[in-house]
Amino acid sequence: MEKYKSRSEVPEKYKWDLTDIFKDLNDFNNSFEVVKNDIDKLKDYVNCTKSPDELLKYIEFSNDLGSRLLSLVIYAMLTNDQDLNDNLGVEIVKKVSTLETDYSINTSFFEPELLSLN
């Protein structure tokens with residue numbers, strides 16, 4: 001078995017192809033900004049359970065947003081895991097972790113609201 005001193009020496013054919021998730025770091029960053037802005041829009045759905053149409057809109061929006069957030073999380077973690085000596089992975093994991101927290105905070109209204117329905 002061949003041994004490599006650094007990740008950069010490993011042939012591309014043995015590395016993960018993260019382009020299935022995002023084509024590059026710029027694409028990741030663009031998506032990050034869109035998701036960040038969409039997380040702020042979750043506040044618009046407070047009291048959405050009072051209307052069936054608004055409830056449906058919230059569920060669809062929240063599910064789509066959660067899916068896009070998950071793609072960011074996966075990309076960040078895989079980027080970090082592929083080279084633990086590269087600080088880029090650590091930086092984007094921290095960045096995405098903050099975004100996950102914001103998502104949780106901005107969706108925290110929903111369960112109590114839903115459970116309060118008759």
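Just so it is clear, none of the values below were taken in a lab; they were calculated from the coordinates. In this text the structure is predicted, and so the values were computed from the model without any measurement. Ideal geometry is used to build each Cβ from the backbone, glycine not excepted, and the neighbour counts take in all protein chains shown.
Relative to the longest principal axis of the chain, what angle (0 to 90°, nearest 10) does the C-alpha long axis of helix 52-82 take?
The answer is roughly 20 degrees.
All other residues with a Cβ under 14 Å from the Cβ of residue 9 taken together, and with Lys, Arg as +1 and Asp, Glu as -1, what is their net charge? Intermediate results must be reported in sequence, preceding the final value.
Numbers: positive: 3, 5, 7, 13, 15; negative: 2, 12, 83, 86.
Residues close to residue 9 contribute a combined charge of +1.
Once the Cβ-Cβ distance between residue 114 and residue 94 is put in as r, and R0 is 35 Å, what FRET efficiency do you end up with, to the nearest 0.05? If you can, show how the numbers build up before the last one.
Values: r = 32 Å, r/R0 = 0.90.
The computed FRET efficiency comes out at 0.65.
Count charges around residue 19 for me, please; just the other residues with Cβ under 15 Å from its Cβ, Lys/Arg as +1, Asp/Glu as -1.
Details: positive: 13, 15, 23; negative: 12, 17, 20, 24, 27.
Here the charged neighbours net out to -2.
Charges on Cβ only, +1 for Lys and Arg, -1 for Asp and Glu, centred on the Cα centroid of the chain; of 71, 56, 96, which one is farthest towards the dipole's positive end?
96
Using only Cα atoms, find the angle between the long axis of helix 87-107 and the longest principal axis of the chain, and express it within 0 to 90 degrees, rounded to the nearest 10.
Computed tilt is about 10 degrees.
Evaluated at 4 °C with a viscosity of 1.567 mPa s, what Stokes-Einstein diffusion coefficient in µm²/s does the range 72-118 have when Rh comes from the Kirkwood expression over alpha-carbon pairs?
On the way: Rh = 12.3 Å.
Calculated translational D: 106 µm²/s.
So how long is each side of the chain along the principal axes, counting just the alpha-carbon atoms, biggest first, in Å?
65, 25, 21
Roughly how large, in nm² to one decimal, is the mean projection of the convex hull of the alpha-carbon atoms in the range 25-92? Please report the intermediate quantities before stating the final value.
Numbers: hull surface 19.5 nm².
That works out to 4.9 nm².
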